[in-house]
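Novice: Please read through the structure below; I'll follow up with questions.
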Amino acid sequence: MPRSDRRSDNRKTENKINKKGIIAGVILGVLLLGAGGYTVQSQTYKERFLPKTFIGDLDVSQLSVKEANEKLVQAQSDLSFVIEADGKEWKSFKKTELGLESNFETELEALQKKQNPWKWGVQYVAGPTNLKLAPSAFNEETLNEQTAKLETELVAWNKERTQTKNATLERKESGFEIVPEVQGDNVDTKKVIEDLQNQLLNGASNIELTDFIVKPSVKSDDPKLTQELESINKIAQVEATYVINGNSFQIPSEKINEWIIYQDGKVSLNRELVHAYVTQLGVDYNTSTNPSTFVSTKRGEVSVPAGSLSWTIATETETDELIASILAGESFSRSPIAQGSANSGSPLFGNTYIEIDLINQHMWYYKDGQLLLDTPVVTGKPSTPTPAGVFYAWNKALDETLRGTNDDGSKYAEPVDYWVPIDWTGVGIHDSDWQPAYGGELWKTVGSHGCINTPPNVMKQLYGMIDVGVPVLVF
């Protein structure tokens with residue numbers, strides 16, 4: 001090859017090399033320039049959110065923490081919470097009025113720091129990033145204060161609505177019956193307030209009051225209610241019989257029905273009404289305050305006042321026992337619990353007794369209806385009369401000395417062979433050998449200090465015939 005041709009080829013090769021170098025240099029320069037710009041931009045995103053960054057529906061792209069906070073605060077201030085009733089707005093609040101906190105800088109700063117500023121370029125290509133804040137915070141004091149006011153309004157509103165009622169048992173003329181439940185449209189205000197607070201904290205914007213309508217918890221077909229009705233009817237139909245002074249009578253079923261109370265699924269009796277009934281029994285039957293009718297030997301039917309042989313119904317105890325007996329649901333017969341010297345169920349006296357007629361100044365002793373002894377006596381003088389009453393011989397004693405005070409204030413001590421006390425004041429039946437005679441009008445002049453003076457020989461017989469506890473009727 002000629003030398004001139006070789007020189008020409010070398011120059012072409014050198015020119016190609018020079019062009020490639022220039023292009024490479026330009027590319028390198030561009031790359032260096034781009035890298036420098038990317039680096040500068042990356043430094044910017046150290047303090048700002050990356051492109052396509054959202055918090056909820058709010059775009060915070062390229063915003064600083066402060067700018068993002070301001071945007072969020074503005075958005076929060078516009079947030080409302082609506083309470084609806086039957087699909088219509090009943091009440092509306094700004095969430096900030098309910099205590100919504102409105103400063104997110106601390107949390108935003110933490111979220112921004114987690115972003116990689118070197119990825120800002122990639123972020124343009126990638127999809128949007130949605131960051132999440134913690135659930136909205138509310139000032140507890142403000143929230144509680146505002147919801148308390150709301151609850152007061154809600155209660156007033158609720159009163160105007162139909163109230164839901166459980167099926168229950170009610171007293172009717174014919175007895176207790178099941179009254180069906182009522183499905184109202186009132187709401188559970190406590191649950192409304194509780195759910196409202198939860199919904200606020202979870203970011204919700206409304207609640208519907210009709211979601212909280214109260215449902216009846218007891219319906220007419222409830223087996224428990226049916227069982228309770230059976231229990232009440234069983235109690236109402238109890239045959240409650242009292243045996244007092246040997247006579248029996250039944251408490252009217254209408255009366256028992258009046259006493260029954262059904263409340264909160266429980267059956268009880270009105271203690272006040274039962275107590276009043278037992279109290280009236282005492283008024284009518286207590287032998288400690290009521291006289292007894294007695295068919296006397298000479299005067300026919302007489303009324304004998306209450307005396308030491310008597311009883312008084314223990315009202316409080318008997319009330320409780322009567323209630324327990326009725327609630328047992330079984331028919332029963334009982335005599336009242338009483339205090340005293342006699343049994344409330346049995347006749348106060350039968351056909352064995354001592355009879356002392358103050359007007360006729362005479363004494364009789366009957367045993368099992370048979371007259372075993374009778375005698376004239378001398379009873380208390382006008383200044384110390386023998387008390388009338390239904391008494392009993394609560395003791396028998398031999399060779400006693402009776403002591404007391406005479407009308408003039410002097411003391412006396414009178415020995416007797418036979419002594420039968422009949423009351424708690426010192427009155428009794430005894431022999432009296434100092435009396436010249438018995439019966440007639442002698443009691444007015446030589447009457448006793450209240451005892452029944454009896455001829456000594458008769459008193460000896462009587463003492464041997466009677467037992468302690470024998471009734472003594474003085475009238």
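The values are calculated or read from the model by the stated rules, or taken from the named source; none is laboratory data. What you are looking at is a predicted structure, and each value in this text was computed from that prediction instead of being measured. Neighbour counts run over all protein chains shown; Cβ positions are idealised from the backbone, glycine included.
Novice: Only one of (1) over 18 Å from ASP59 (Cβ atoms); (2) surrounded by 14 or more Cβ atoms within 10 Å (Cβ to Cβ) fails for LEU108. Which number is that?
Specialist: All conditions are met except number (1).
Novice: Which one is farthest from GLY340 (Cα to Cα) among residues in region 259-276 that are touching a residue at least 40 places away in the same chain (Cβ under 8 Å) and in a helix (DSSP H, G or I)?
Specialist: TRP259
Novice: Is there a residue in region 199-215 that is free of Cβ contacts under 8 Å to residues at least 24 places away in the same chain and out of contact with any strand residue (DSSP E or B) (no Cβ under 9 Å at 6 or more places or on another chain)?
Specialist: no
Novice: Take the residues in region 353-387 that are crowded, with 16+ Cβ neighbours inside 10 Å and acidic (Asp, Glu); name whichever of them is nearest to TYR438 (Cα to Cα).
Specialist: Result: ASP357.
Novice: Do you know which of the residues in region 236-258 that are assigned to a strand (DSSP E or B) and in contact with a strand residue (DSSP E or B) (Cβ under 8 Å, 6 or more places away or on another chain) is surrounded by the fewest Cβ atoms within 10 Å (Cβ to Cβ)?
Specialist: For region 236-258, the residue satisfying everything is PHE249.
Novice: Now, a different point. Tell me whether region 389-407 contains one or more residues that are of a type outside the set (Ser, Thr, Tyr), more than 25 Å from PRO305 (Cβ to Cβ), touching a Gly at 6+ places or on another chain (Cβ under 8 Å) and surrounded by fewer than 15 Cβ atoms within 10 Å (Cβ to Cβ).
Specialist: No, every residue in region 389-407 fails to be of a type outside the set (Ser, Thr, Tyr), more than 25 Å from PRO305 (Cβ to Cβ), touching a Gly at 6+ places or on another chain (Cβ under 8 Å) and surrounded by fewer than 15 Cβ atoms within 10 Å (Cβ to Cβ).
Novice: Moving on. Of the conditions (1) exposed (fewer than 12 other Cβ atoms within 10 Å of the Cβ); (2) of a type in the set (Gly, Ala, Ser); (3) farther than 30 Å from ILE207 by Cα, SER64 satisfies every one except a single condition; which number is it?
Specialist: (1)
Novice: Can you name the residue in region 173-223 that is of a type in the set (Ser, Thr, Tyr) and over 30 Å from GLU101 (Cβ atoms) and is also surrounded by the most Cβ atoms within 10 Å (Cβ to Cβ) among such residues?
Specialist: SER220
Novice: Suppose we filter THR297, THR317 for residues that are surrounded by fewer than 18 Cβ atoms within 10 Å (Cβ to Cβ) and more than 27 Å from the chain's Cα centre (by Cα); which single one remains?
Specialist: THR297
Novice: Next up: From the list MET459, MET465, which one is out of contact with any Lys or Arg (no Cβ under 9 Å at 6 or more places or on another chain), outside the structural domain of SER308 (by TED's automatic domain parsing) and modelled with pLDDT of 95 or more?
Specialist: MET459
Novice: Moving on to the next point. Within the bounds of region 324-335, is there any residue that is crowded, with 19+ Cβ neighbours inside 10 Å, at pLDDT 95 or above and out of contact with any Gly (no Cβ under 8 Å at 6 or more places or on another chain)?
Specialist: So far as region 324-335 goes, yes, one or more of its residues are crowded, with 19+ Cβ neighbours inside 10 Å, at pLDDT 95 or above and out of contact with any Gly (no Cβ under 8 Å at 6 or more places or on another chain).
Novice: When only residues in region 114-139 that are of a type in the set (A, V, I, L, M) and loosely packed, with under 10 Cβ neighbours inside 10 Å count, which is modelled with the highest pLDDT?
Specialist: VAL125
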